[in-house]
Each structure stands twice: as C-alpha cells, then as structure tokens.
1. In the set T35, T12, T60, which member is among the hydroxyl-bearing types (S, T, Y), open to solvent by less than 70 Å² (accessible area, probe 1.4 Å) and closer than 23 Å to Q142 by Cα?
2. For the list (1) closer than 21 Å to E33 by Cα; (2) touching a residue at least 40 places away in the same chain (Cβ under 8 Å), I need the number of the one condition that I81 fails.
3. Here are the criteria: (1) out of contact with any helix residue (DSSP H, G or I) (no Cβ under 7 Å at 6 or more places or on another chain); (2) in contact (Cβ under 8 Å) with a residue 12 or more places away in the chain; (3) open to solvent by 50 Å² or more (accessible area, probe 1.4 Å); (4) farther than 27 Å from G84 by Cα. Tell me which single one W50 does not satisfy.
4. What number goes with the only condition from (1) more than 26 Å from L19 (Cα to Cα); (2) open to solvent by 40 Å² or more (accessible area, probe 1.4 Å) that E133 does not pass?
5. Which numbered condition trips up A24, out of (1) of a type outside the set (S, T, Y); (2) modelled with pLDDT of 95 or more; (3) open to solvent by less than 70 Å² (accessible area, probe 1.4 Å)?
6. Collect the residues in segment 77-112 that are open to solvent by 30 Å² or more (accessible area, probe 1.4 Å), small (G, A, S) and on the phi > 0 side of the Ramachandran plot, keeping them in residue-number order.
Amino acid sequence: SSPLYNYKWRETRAALDRLAQFDASPFDDVALEYTNPATGGPVLPTMTCWIQLLRPGVHTRAHRQVNSAVYAVFEGSGESIINGQRFVWEKGDMFVVPPWAWHEHANPASEAAILFSIQDTPVMKTLGLYREEPYVADDGHQPLTGIFSG
C-alpha cells in the first residue's frame, strides 16, 4: 500500500518557478513529477502524477506516448491539440489524452497556466511497453483538423 503524503502547494509552486528559470521541455514546458518520498518512485505503484507550468506564450511541440493521461486545469487557460483536434480549456476543466495520441499544449495568455495530470506510465514501464515519440515536422506541430466545442 502507498503511504499518505502531503505535497504542499507553496513548495510545489516555488519549485516550478525555480525550474522555469533554468530548464524546460519542448514537449511539456516546465514539469515536475510528484514522487513517493519513501521510495523515490511514482506516487502509486501503477500511476504517477505531474504538475506542469505552461509559461505565457508557450506552445509546446507535439509528441505521443503509450500511456494515457487525465489532466485537470489548476490555473489559467489555454488549449491542447490532441490528434489534430483543438480543445480549449480553463481553470477547473479536465481533459484526457488517450494512449498514443499526438498532443501539444499552448498558453496564448499573458499569465501562466498550470496543469495537473495523473498518468499510467509506471504500469507501462513495468510491463516493458513504454514508448514515446516526437512529432516529426519542421515546426514540431501537428496540423489542425478540427475544433472540439463541447
């Protein structure tokens, strides 16, 4: 069983802000994985949790992974393009990136956006099935084929 831990938002936000000064991923911008302090591994044996800061004006490059992810918009607003479909989101919304779906995120706003996600990456790695792949195009962005208006 996984012990209960308390991840303080103040410390998490400070860590994101520090990381934003030095490092960013072209696919996720600024992202931190929550870990189990007792093991250094994922929060749960089969699920991991991430907190992701999309700085103002950032549009990440597209990629895909075999894991699935459920996102909750913690702060701000923006959009995600998932398999060519644009999904616009704001604080309080949730969206899903299915397995092996091309996805990229954008924050056209002047304020940061923060996404929390829970992903089944650990189980895929344990089974030896984990893969990820960048979208290969000149600009790293997938063509827009539609807009979800749900």
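1. Details: T35 fails: closer than 23 Å to Q142 by Cα; T12 fails: closer than 23 Å to Q142 by Cα.
Answer to the selection: T60.
2. Evaluating I81 over (1) closer than 21 Å to E33 by Cα; (2) touching a residue at least 40 places away in the same chain (Cβ under 8 Å) leaves (1) as the failure.
3. Only one criterion in (1) out of contact with any helix residue (DSSP H, G or I) (no Cβ under 7 Å at 6 or more places or on another chain); (2) in contact (Cβ under 8 Å) with a residue 12 or more places away in the chain; (3) open to solvent by 50 Å² or more (accessible area, probe 1.4 Å); (4) farther than 27 Å from G84 by Cα is unmet by W50, namely (4).
4. For E133, the exception is condition (1).
5. (2)
6. Taking segment 77-112 as the starting set, the residues that turn out to be open to solvent by 30 Å² or more (accessible area, probe 1.4 Å) are 77, 79, 83, 85-88, 90-94, 96, 98-100, 102, 108-111.
Going one step further and asking which of them are small (G, A, S), we end up with 77, 92, 109-110.
Answer for segment 77-112, where residues must be open to solvent by 30 Å² or more (accessible area, probe 1.4 Å), small (G, A, S) and on the phi > 0 side of the Ramachandran plot: just G92.
The values are calculated or read from the model by the stated rules, or taken from the named source; none is laboratory data. Keep in mind it's a predicted model, so treat the numbers as computed, not measured. Positions of Cβ are generated from backbone atoms using ideal geometry, with glycine treated the same way; all protein chains shown enter the neighbour counts. What goes into the accessible areas is simple: the full protein's heavy atoms, side chains included, and nothing from ligands, DNA or RNA. Shrake-Rupley method; radii C 1.70, N 1.55, O 1.52, S 1.80 Å.
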